[in-house]
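The values are calculated or read from the model by the stated rules, or taken from the named source; none is laboratory data. Keep in mind that what you see is a predicted model, and the values were worked out from it rather than measured. Heads up, the Cβs are rebuilt from the backbone with ideal geometry, glycines too, and the neighbour counts pull from every protein chain shown. For the accessible areas, the whole protein counts, side chains as well, though only heavy atoms, and no ligand, DNA or RNA atoms are used. Shrake-Rupley method; radii C 1.70, N 1.55, O 1.52, S 1.80 Å.
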Amino acid sequence: MQKIRPDMDIGFAIQTARRRSRMTQDQVVAKLQLMGIDISKSNYAKIETNRMNIKVSELVALKIIFDVPFDDFFSECMREADKNR
């Protein structure tokens, strides 16, 4: 099972996308579950706070739910990587 390492700090980007979509964590979790992603609210909250790895399938589902490009999840990570070059 592939996971994105939490050191990439994409939790804040996920949280930002959720807030821009004006959704609560409960609403996101419900949509994820309807898409066949088995996740609890507690685990989703851990993803947003980088305390839990995110599965690729979860990230793909969040992209669909929030209707954003993948770049939105990684833009801050890319800025940090560019600074460290």
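Loop-located chymotrypsin sites (Phe, Trp or Tyr not before Pro) in the range 22-85 (DSSP state not H, G, I, E or B) with no more than 15 neighbouring Cβ atoms inside 10 Å: F70.
For the range 16-85, with all protein chains in place and a probe radius of 1.4 Å, 49% of the accessible heavy-atom surface sits on carbon or sulfur.
Principal semi-axes of the equivalent ellipsoid, √(5λ) from the alpha carbon gyration tensor of the range 25-81, are 20, 14, 9 Å from largest down. Spatially close Lys pairs in the chain, defined by Cα atoms under 18 Å apart and a spacing of eight or more places or different chains, total 12.
Computed from phi, the 3J(HN,Hα) profile of the range 32-47 under the Karplus parametrisation 6.51, -1.76, 1.60 (θ = phi - 60°) reads 4, 5, 5, 8, x, 8, 7, 8, 8, 4, 4, 5, 5, 4, 5, 5 Hz, with x in place of Gly and Pro. Against the main long axis of the alpha-carbon atoms of the chain, helix 11-20 sits at an angle near 60°.
Relative to the longest principal axis of the chain, what angle (0 to 90°, nearest 10) does the C-alpha long axis of helix 56-66 take? Tilt of helix 56-66: around 80 degrees. Residues in the chain average 67 Å² of solvent-accessible surface per residue, probe 1.4 Å, ligands and nucleic acids excluded.
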